[in-house]
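Here is the structure we will look at, set down as structure tokens.
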Amino acid sequence: MAAFPKYSELQRPDDSGLPLSWGTWGKDDQLGTLNNISEDGVREAARLVTRGVRFNLDLPLHVPFGVIRPNAHHGGRRDPEQTLIVRNRDDLLVRDDKLDNFYLQASSQWDGLTHMGDARHGFYNGVQSEQVTQREGTRNGIEHLAEFGLVGRGVMVDMVRYYERAGRDWDVMAQQVISAQDLQACLKDQGVTPQQGDILMVRMGWVGRLLAAGDLDERDGLLRPWAYSGLSGQEDMWEFLWDNRIAAVAADTVTVEVWPLKTGQTSLHLAIPRLGITIGEMFNFEALSEDCVQTKEYCCLFTSSPLNIRGGVGSPPNAIAIK
């Protein structure tokens, strides 16, 4: 078996100088960096469960768009409309329900491998627009994550507390950039060494502020500006994630990386098609992070079961951390 290529060894087929990982896991692969999760890694992660304590990492589906003013959102996304259906019988009270306007990336979410494509080359592993149909044979859909089973070692990377300990200012709304060096320093400070297949859970504090916000003005102010601090989208982050064989990166912010993006500038969203990276947004790490501080244990068994929906561009994660 060929050795896994280092970031510096990946092909760079165009004048952007950026790598393509296509073919690393085979020409028909539809999982990308999730392939870094191995059966051995899952078994090791399961050994982290010593207390049986569980932490739900999903926000309610109506958060954030259902707790802000109408139209304080982007791209037309909104909270789902839930309808209660009553079908009583003589001997039974029967309830059913349905959701309308259910945007799969409007709350806690995974971005699937068709969420972003590269204008030069297409979607991850060479998939072209005409192959993304959400019909039989559609490519790179979220259902492949559901079938694969997203389970492994979850690693809390609590940047908020790290910056506080380091005496550095941090404001999740100020477009501050977390470099790969900062990320590594936080992990070292927590006593964690990255391992192949890790799911990084990066806490930056946006969800905590939203949940603590006392009125509409404050909540609107956290979403309407559409400008956030976040991870660097530059090659320092690409290289760190690739060479450490990170499986996925989830954050408690709206965009994971610093936002807005600049045209022509490298970004983590561009790494979705070029490297096959899975990123997650608006996860709720508040209770889990408190437990990590109390126990000094920053690793856990992480499980996620995305919707098994054919050709899905994204999905609520249905994520749980177990310690």
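Using Cα centres only, tell me the gap between region 259-276 and region 149-183 in whole Å. Centre-to-centre (Cα) distance: 19 Å. GNM on the chain, alpha-carbon springs under 10 angstrom: the most fluctuating residue among Leu216, Leu231, Leu48 is Leu216. For a straight C-alpha distance cut-off of 19 angstrom, the lysines reachable from Lys188 (same-chain residues fewer than eight places away being disregarded) are Lys296. Within the listed set Gly41, Gly137, Gly112, the Gaussian network model of the chain (springs between alpha-carbon atoms below 10 Å) gives the highest mean-square fluctuation for Gly137.
Our estimate of slack between Asp90 and Arg47, defined as 0.36 nm per intervening residue step minus the Cα-Cα distance, is 10.4 nm. Taking amide hydrogens as placed 1.01 Å from N in the peptide plane, the amide H of Asp118 sits under 5 Å from those of Phe123, each at least 5 positions away in sequence or on another chain.
Between the labelled values (1) 170; (2) 140; (3) 131, the entry that holds volume of the Cα convex hull per residue in Å³ as derived from this structure is (1). Remark on Gln109: its backbone amide H falls under 5 Å from those of Glu281, Phe283, a criterion applied only to residues 5 or more positions apart or on other chains, H modelled at 1.01 Å from N.
Helical content of the chain, expressed as a calculated mean residue ellipticity at 222 nm, amounts to -6000 deg cm²/dmol (DSSP H runs of 4 or more residues, -39,500 (n - 2.57) each, divided by residue number, nearest 500). Considering only Ser108, Met156, Ser129, the residue lying farthest towards the positive end of the dipole of region 68-224 is Met156, judged by Cα position with unit charges set on Cβ. For Ile277, the amide hydrogen comes within under 5 Å of the amide hydrogens of Thr33, Ile272, counting only partners 5 or more places away or on other chains and with H modelled in the peptide plane. The charge dipole of the chain, taken about the Cα centre with unit charges on the Cβ atoms of Lys, Arg (+1) and Asp, Glu (-1), comes to about 220 debye, rounded to the nearest 20.
Summarising the label geometry, the points placed 7 Å from Cα in the beta-carbon direction at Lys6 and Gln175 lie 3.5 nm from one another.
So for the chain, taking the charge dipole from beta-carbon charges (+1 Lys/Arg, -1 Asp/Glu), which of Gly141, Ser229, Ile68 sits furthest toward the positive end? Sorting the options by dipole projection puts first Gly141. For region 111-248, the dipole from Cβ point charges (+1 on Lys and Arg, -1 on Asp and Glu) about the Cα centre works out to 220 debye, to the nearest 20. Computed over neighbours whose Cβ is under 9 Å from that of Tyr103, the net charge equals +1, Lys and Arg +1, Asp and Glu -1. Taking the charge dipole of the chain about its Cα centre, with +1 at Lys and Arg Cβ atoms and -1 at Asp and Glu Cβ atoms, the residue from Val53, Val192, Ala287 reaching farthest to the positive side is Val53.
Readers should treat all values here as calculations from the given coordinates under stated rules, not as data from a laboratory. Keep in mind that what you see is a predicted model, and the values were worked out from it rather than measured. Here Cβ is always computed from backbone atoms with ideal geometry, including for glycine, and neighbour counts include all displayed protein chains.
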